[in-house]
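Visitor: I have a structure I would like to understand better, so I am pasting it below and will then ask my questions one at a time.
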Amino acid sequence: KQMNIRPRTVVLEKMDQSVPGLGLVREIVRWAFNEETNLNSPVFFDLEDKYIISVLSEIQEHEIKPMSLVYDDIRLIIENKKQGDFIIEKINSIKYTNLIDLGNQFNVSVKKISALTMSSDVFGDSGYNPNVVGAFLGSIGGEIAQPIIGENGVFVFRKDKNKEFK
């Protein structure tokens with residue numbers, strides 16, 4: 001209070017690697033999920049460049065979260081799905097014979113991706129898209145695949161060669 005700093009509420013899950021607003025501080029996540037941690041007891045953390053006072057205020061033992069906590073996430077997923085479906089509808093209505101023609105219709109460039117493996121969850125420079133990686137690896141070489149909605153966009157691809165992946 002003397003420093004005029006307001007407390008922040010943060011929701012953590014067991015496998016989180018970071019704390020929103022603080023970055024990679026797995027130490028705090030481990031503390032929050034330690035069985036010996038007491039509710040409403042402040043704990044001091046010295047994070048080299050920051051000093052944090054944390055208080056564990058609530059533990060939810062069951063896997064189902066209240067609607068108030070997941071409403072925004074669900075809304076975003078539904079909006080992205082609807083937008084993805086709209087883009088797929090537009091793609092399917094366009095006559096194209098190659099990816100460059102299709103890319104020109106949407107004013108995007110075609111990018112080549114290499115060194116993709118079964119253990120990848122990143123699709124080129126498009127970021128985390130494990131479902132797109134799986135669809136790509138399972139696609140038939142030489143054919144343009146059907147559009148697929150990824151984590152951050154709609155993807156249309158063609159695998160140049162049919163290879164066995166390990």
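The values are calculated or read from the model by the stated rules, or taken from the named source; none is laboratory data. If you're wondering where the values come from, they're calculated on a predicted model, not measured in any experiment. Reconstructed Cβ throughout: ideal geometry from the backbone, glycine too, with neighbour counts over all protein chains shown. Keep in mind that these areas ignore ligands, DNA and RNA; they rest on the heavy atoms of the full protein, side chains included. Shrake-Rupley method; radii C 1.70, N 1.55, O 1.52, S 1.80 Å.
Visitor: Rounded to the nearest 10 Å², what accessible area does Ile100 have for a 1.4 Å probe in the complete protein model?
Guide: It works out to around 110 Å².
Visitor: Per DSSP H run of at least 4 residues, take -39500 (n - 2.57); add these up for the chain, divide by its residues and hand me the 222 nm value, nearest 500 deg cm²/dmol.
Guide: After summing the helix terms and dividing by residue count, I get -9500 deg cm²/dmol.
Visitor: Straight-line reach only, C-alpha to C-alpha below 19 angstrom: list the aspartates and glutamates that Lys95 could link to, leaving out same-chain residues fewer than 8 apart.
Guide: Output for Lys95: Asp85, Glu143.
Visitor: Round to the nearest 10 and report in Å² the accessible area of Asp72, as given by a 1.4 Å probe over the protein chains' heavy atoms.
Guide: For Asp72, the solvent-accessible surface is approximately 110 Å².
Visitor: Pick out which of Leu137, Leu99, Leu24 has the largest mean-square fluctuation in a Gaussian network model of the chain, springs linking Cα atoms closer than 10 Å.
Guide: Greatest mean-square fluctuation among the candidates belongs to Leu24.
Visitor: Do me a favour and compute the ellipsoid semi-axes for segment 1-45 from its Cα gyration tensor, root of five times each eigenvalue, largest one first, whole Å.
Guide: Result for segment 1-45: semi-axes of 20, 15, 9 Å.
Visitor: Can you list which of the GluC sites (Glu not before Pro) found in segment 3-87 are DSSP loop residues with at most 13 other C-beta atoms within 10 Å?
Guide: Counting only loop positions with at most 13 other Cβ atoms within 10 Å, the GluC sites (Glu not before Pro) in segment 3-87 are Glu13, Glu35, Glu36, Glu48, Glu58, Glu61, Glu63.
Visitor: I would also like to ask the following. Using 1/(1 + (r/R0)^6) with R0 = 35 angstrom and r between the beta carbons of Lys90 and Ser68, what's the FRET efficiency to the nearest 0.05?
Guide: 0.50
Visitor: Which pairs in the list Lys14/Lys111; Lys14/Lys161; Lys90/Lys159; Lys90/Lys161; Lys65/Lys111 are over 32 Å apart, alpha-carbon to alpha-carbon?
Guide: Lys14/Lys111; Lys14/Lys161; Lys65/Lys111
Visitor: Another question, if that's okay. Over what distance in Å are the Cα centres of segment 106-166 and segment 21-71 separated?
Guide: Answer, in whole Å: 37.
Visitor: If R0 is 30 Å, what FRET efficiency do you get for Ile140 and Asp16 from their C-beta distance, rounded to 0.05?
Guide: 0.20
Visitor: Please work out how much accessible surface Thr117 shows to a 1.4 Å probe, ignoring ligands, DNA and RNA, in Å² rounded to 10.
Guide: Accessible area, nearest 10 Å²: 60 Å².
Visitor: Considering the options Asn104, Ile64, Ile91, tell which one lies farthest towards the positive end of the dipole of segment 3-123, charges being +1 on Lys and Arg and -1 on Asp and Glu at the Cβ, about the Cα centre.
Guide: The Cα lying farthest towards the positive end belongs to Asn104.
Visitor: State the volume of the convex hull built on the alpha-carbon positions of segment 75-129, expressed per residue in Å³ and rounded to an integer.
Guide: Taking the convex hull of the Cα positions in segment 75-129, it is 117 Å³ per residue.
Visitor: Carbon-plus-sulfur fraction of the accessible area of the chain, 1.4 Å probe, in percent?
Guide: Result for the chain: 52 percent of the exposed heavy-atom area is carbon or sulfur.
Visitor: Please list, in order along segment 21-36, the HN-Hα scalar couplings obtained from phi with the Karplus expression 6.51 cos²θ - 1.76 cosθ + 1.60 (θ = phi - 60°), rounded to whole Hz, x for Gly and Pro.
Guide: With coefficients 6.51, -1.76 and 1.60, one gets x, 10, x, 6, 9, 4, 4, 6, 5, 4, 4, 5, 9, 6, 5, 8 Hz.
Visitor: Right, something else. Are there GluC sites (Glu not before Pro) in segment 80-166 that DSSP puts in a loop and that have at most 16 other Cβ atoms within 10 Å, and which ones?
Guide: Glu143, Glu151, Glu164
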